[in-house]
Amino acid sequence: MDTEIALRVDGADHRLTVDTRTTLLDALRERLGNTSPKKGCDHGQCGACTILLDGRRANSCLALAVAHDGADIVTAAGLAADGQLHPMQRSFIEHDAFQCGYCTPGQIVSAVAMVEEAATGWPSAVTYRHPDGTDGTDTGPVDLAANPDEIRERMSGNLCRCAAYANMIPAIQEVARS
Amino acid sequence: MRPFRYERATDAANAVALLARAPQAAFLGGGTNLVDLMKLDVARPELLVDVRRVTPRTIEQLPDGGVRIGAGVTNSDLAADPLIRRRYPVVAQAVLNGASTQLRNLATVGGNLLQRTRCLYFQDITTACNKREPGTGCSAIEGHNRDLAILGTSPDCIATNPSDLAVALAAMDATVQTIGPDGSRAIPLTELHRLPGSEPQHDNVLTHGELIMAVVLPPLPFATRSYYRKIRDRASYAFALVSVAAAIDLVDGQVRDVRIALGGVAPKPWRATRAEDLLRGGPVDEERLRRAAEAELADARPQADNAFKIPLARNAIVRTVLDLVEAAP
Ligand SMILES: Cc1cc2nc3c(=O)[nH]c(=O)nc-3n(C[C@H](O)[C@H](O)[C@H](O)COP(=O)(O)OP(=O)(O)OC[C@H]3O[C@@H](n4cnc5c(N)ncnc54)[C@H](O)[C@@H]3O)c2cc1C
Ligand code: SF4
Ligand code: FES
Ligand code: FES
């Protein structure tokens, strides 16, 4: 069943008619030609399709486009402003934090969102180290740079088939520090 | 995926009415489970009724000290909520131990509670599965059953309920508020899901068109010290082999109250009432805990590949409650 929807993608407005079955990932890739989010598993298991959906990271492969009519989307391609790479993109390059690069746009979008989440005090499973849970009641910012375990936990929704994880940690730490 | 119609409900009553009229319709929350199952051709709704905008998206303190969580609250917002973090840390921890941030940003509380089993055969339409297609048989009983249930199973189905959140809510004595074609009602969380018996196709007691509106947590002062321990094959982003939600109220070394619920071991979040009853009113030490856990697991019926869950669950109960006791001020 066809439905008309509006999407704002990397700052540009689009109107398009989609079948109700179309996911945001397919709308972006197949209809709008934005191939920066990747299709890894198409089942929410790998994170390659990660986008910012109304400011929050989300797997675009499980989100129906009709359900997100009017959404404001940012893909990895849209993170670069005025021809300048986003600091996270630059840091991934400087730290050699990828190999084949297939998971990388998803990793970078995820990492950008994660730095933001930690700054606003969102907890992770690792934030609660103490068995009675009281650690998690400190709602202040989480220091990612000093806690690589926090980064590992918060990035666990992004798999890397090439296992470039080891270099992603310092790449993200550097951005988190600045 | 099969074609379907999509409608955005205008309010909760409209959502219920839309479903009541269409036997092959389903509510849509974040879609992180339903859309996945539609891609796999396991779920075949002809109509999706989007309920994210008509289920409450707020978390509020109630006059009696309890807390009401709207069914439309995302899993991320639930875990980050200061009230939940302070008053019911076990709930925030359970949510944070499930899925990934990307999924939790989409997933709703209502959808989380009604997510379907991760049994591999249930998700594979080329295999026999009584839950998916009643009467076809259970492929898991003679097949891969390492991840499946040891308690509450039936000869027709041995699937586990995958929700971490539900385990924590079961321990807290939460209640689920619904509205449906026959009006509204409140269901104890521990009675929301059902055991498979001879009808494994019914995961829960809700009727077609019954919409979860909210989850209510009772005031439970001692839950400020509570803990969720999840044991899985990798450190993160995996479903539980065994999990334990626990809270304990110790007065002068005696257990005034204790809450224990298990995940990964049964078709529903498993409230360990037998263990709790044995612990209440006495002191708590490793030996008493072990006996209580063993009593809880006495009826366990493992399959060929999952007998390891019995000692794992026992040890997880003992360790989790001991950790809470040892952390007591
Ligand atoms: C890779 C992966 C890993 C995961 N890991 C975990 C994990 O470790 N632990 C865990 O707990 N979960 C895990 N999940 C599952 C995830 O938590 C659920 O998919 C999510 O919580 C479902 O919420 P939703 O809003 O997206 O539900 P939907 O997919 O929209 O809906 C799920 C079901 O609930 C029904 N429904 C939705 N809202 C309502 C309502 N208000 N009233 C009545 N019915 C309703 C729908 O009709 C549907 O049947 C994982 C998922 C994936 C894809
Ligand atoms: S355990 Fe249940 S869900 Fe799994 S194959 Fe058997 S009947 Fe189906
Ligand atoms: S393609 Fe979306 S999570 Fe893998
Ligand atoms: S760099 Fe190849 S999958 Fe991550």
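Throughout, read-outs are computed from the coordinates displayed, never taken from laboratory work. This one's a predicted model, so the numbers in the text were calculated from it and none came from an experiment. No Cβ is skipped: glycine too gets one built from the backbone with ideal geometry, and neighbour counts run over all protein chains shown.
Is there a residue in the stretch B:219-237 that is within 16 Å of ligand 3 (Cβ to nearest atom) and within 14 Å of another protein chain (Cβ to nearest Cβ)? Within the stretch B:219-237, one or more residues are within 16 Å of ligand 3 (Cβ to nearest atom) and within 14 Å of another protein chain (Cβ to nearest Cβ).
Residue B:26 fulfils the conditions (1) within 25 Å of residue B:119 (Cβ to Cβ); (2) outside any strand (DSSP E or B); (3) more than 8 Å from chain A (Cβ to nearest Cβ) except for a single criterion, (2). Taking the criterion of being under 30 Å from residue A:150 (Cβ atoms), part of a loop (DSSP other than H, G, I, E, B) and more than 13 Å from chain A (Cβ to nearest Cβ), the only residue of the stretch B:98-150 that qualifies is B:147. Going through (1) in a loop (DSSP other than H, G, I, E, B); (2) more than 11 Å from every other protein chain (Cβ to nearest Cβ) one by one, residue B:53 falls short only on (2). Scanning the stretch A:26-69 for residues that are among the hydrophobic types (A, V, I, L, M, F, W, C) and over 17 Å from residue B:6 (Cβ atoms) turns up A:28, A:32, A:41, A:46, A:48, A:49, A:51, A:52, A:53, A:58, A:61.
In contact (Cβ under 8 Å) with a residue 24 or more places away in the chain, within 22 Å of residue B:148 (Cβ to Cβ) and either more than 14 Å from chain A (Cβ to nearest Cβ) or hydroxyl-bearing (Ser, Thr, Tyr) (or both): which single residue out of B:280, B:290, B:301 fits that description? Give the derivation first.
On the way: B:280 fails: within 22 Å of residue B:148 (Cβ to Cβ); B:290 fails: within 22 Å of residue B:148 (Cβ to Cβ).
Matching residue, one of B:280, B:290, B:301: B:301.
Go through the stretch B:203-252 and report how many residues are farther than 30 Å from residue B:307 by Cβ and of a type outside the set (Asp, Glu). First the steps, then the outcome.
Kept after step one, since they are farther than 30 Å from residue B:307 by Cβ, are these residues of the stretch B:203-252: B:205-225, B:249-252.
Remaining after also requiring of a type outside the set (Asp, Glu): B:205-209, B:211-225, B:250-251.
Number satisfying all stated conditions: 22.
Right, residue A:76: closer than 30 Å to residue B:50 by Cα, hydrophobic (A, V, I, L, M, F, W, C), within 11 Å of chain B (Cβ to nearest Cβ) and within 16 Å of ligand 3 (Cβ to nearest atom) or not? So residue A:76 fails the test. May I ask you to verify whether residue B:94 is more than 7 Å from chain A (Cβ to nearest Cβ), in contact with a Phe, Trp or Tyr (Cβ under 6 Å, 6 or more places away or on another chain), more than 30 Å from residue B:21 (Cα to Cα) and buried (at least 21 other Cβ atoms within 10 Å of the Cβ)? Yes.
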